[in-house]
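To keep things clear, I will list the structure first and then write my remarks on it.
Throughout, read-outs are computed from the coordinates displayed, never taken from laboratory work. Worth saying up front: this structure is predicted, and the values here are computed from it rather than measured. Neighbour counts run over all protein chains shown; Cβ positions are idealised from the backbone, glycine included.
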Amino acid sequence: MAKSRAFDVRRQSGFVFIALSCFVLLYLPIILLVVYSFNAGTSIAVWEGFSWQWYVSAWQNEKVQDATILSLIIATCASLVATTAAVMAALATTRTTKFRGSGLVFAMINQPLMIPEIVTAVALLIFFAMIKVATGYTGLWYLIIAHSAFCIPFAYMPIRARLQGMDLNLEQAAADLYGRPWRVFRRVTLPQLWPGVLAGAMLAFVISLDDVVITEFVKSAGQDTLPTYMLGQLRRVITPEINAISTVLLAISVALVVAFYILSQSKKQ
C-alpha cells in the first residue's frame, strides 16, 4: 500500500498560475504608477516621453513641501508615542502571568486592527469635536494623538513577538543578581528587544505617513498632510505629479523595510 504524501499546496494544479496572477494584479498597477511618473506629458495614461519634470514640479511646489513637512512631523511624533506605549503594553502582557481578562486587554490593544478605520475616524471626530468646543484649541496635537492611538497595535505586534521569542532566563538571572527592574530592562531586555522596537517604530511611521481616513476626519483647516493633499488634487486635476509623489512615498517605504532587514541581519551576526 503506497504511503500518502503530505499535503503541499504548491503541488496543487494551477497553483503557479494563481500565484503569478496574484503578483501581477498586485504589482502591475504600482509599476505603471512608477513608470508614468516619468511621463513628459500631462496625461497619466498616454506615454509622451521620459522626463523628470514632475519630480521637479513636486519638489518646487510649496503646498507639497508644507504637506510633506507636516506629514513627517506627525509620523515621527506618532511613531515615538505609539512605540513607547507598545513597548510598555508588550512588557505588561508578556512578562506577567496570565490573569483574568488578559484576553480582553489584548483585544483592546488591537482594537484599531479589528474595527473598520472609518468607524475609528468617526469616533475620534466626535470625541475631538467635543474637546474643541470646550477648549477652543484646534492645533496639531489632535492629529498626533489620533495617529498615535491608531498606530499602537501596529507597533505592538512585532514588539510582542520579539519579547515572546526572547530567553526569559537572562532577565531572571539579572534580577537574581539584585538588578533593579529599570536596570534589568535597560541592560538586558532592551538590547535584545531593539530589533522588534525598530520594526514597530518603522511600521508605525509608515502607517501614520500614508494614513488618509483618520487624517481627513480629524484635521482642522490648513492641516493637509501629503496623502490628504494628494486626495484633494485627485478631485481637481490629475497629473503625473501625483505619480511622482506616490513613487517617492513608495521609495521611502521600501527603504525603511530594507534598512530594517539589514539591521536585523547584522544584529543576528
> Mind checking which of 31, 73, 214 has the largest fluctuation in a GNM of the chain, springs on alpha carbons under 10 Å?
Replying inline: 31
>> Roughly how far apart, in whole Å, are the Cα centres of the range 30-46 and the range 141-202?
In response: 43 Å
> Once you charge only the Cβ atoms, +1 for Lys and Arg and -1 for Asp and Glu, what is the size of the charge dipole of the chain about its Cα centre, to the nearest 20 debye?
Replying inline: 1180 debye
> If you average the sequence gap of Cα pairs under 8 Å that are 6 or more apart and divide by the length of the range 1-136, what percent do you get for the contact order?
Replying inline: 8 percent
> Is any helix in the chain, taking whole DSSP H runs, at least 15 angstrom long along its axis by alpha carbon and on average at least 1.6 on the Kyte-Doolittle scale, and which ones?
Replying inline: 15-36, 117-135, 190-209
> What's the exposure ranking of 151, 77, going from fewest to most Cβ atoms within 10 Å?
Replying inline: 77, 151
> Which label belongs to the value computed from this structure, given these candidates for volume of the Cα convex hull per residue in Å³: (i) 134; (ii) 239; (iii) 158?
Replying inline: (ii)
>> For a test of the definition: using alpha carbon positions, the gyration tensor, and the 1.5 limit on a/c, classify the range 1-73 as rounded, prolate or oblate.
In response: oblate
>> If I build a Gaussian network model for the chain, linking alpha-carbon pairs within less than 10 angstrom, which residue out of 177, 163, 256 has the largest mean-square fluctuation?
In response: 177
> Which one of 135, 84, 239 has the biggest mean-square fluctuation once the chain is modelled by GNM with Cα springs under 10 Å?
Replying inline: 135
> What relative contact order, as a whole-number percentage, does the chain give when Cα pairs under 8 Å and 6 or more residues apart are counted?
Replying inline: 30 percent
> Counting other Cβ atoms within 10 Å of each Cβ, which chymotrypsin sites (Phe, Trp or Tyr not before Pro) in the range 127-212 have at most 13 and sit in a DSSP loop?
Replying inline: 137, 178
> Mind checking which aspartates and glutamates have their C-alpha under 19 Å from residue 98, skipping anything on the same chain fewer than 8 residues away?
Replying inline: 167, 171
> Using the count of nearby Cβ atoms within 10 Å as a rough guide to exposure, how do 242, 44, 131, 152 rank from fewest to most?
Replying inline: 131, 44, 242, 152
> Summing Lys, Arg as +1 and Asp, Glu as -1, what charge do residues with Cβ under 15 Å from the Cβ of residue 40 carry, residue 40 excluded?
Replying inline: -2
> How big is the charge dipole of the range 1-156 about its Cα centre, in debye rounded to the nearest 20, if each Lys and Arg gets +1 on its Cβ and each Asp and Glu gets -1 on its Cβ?
Replying inline: 960 debye
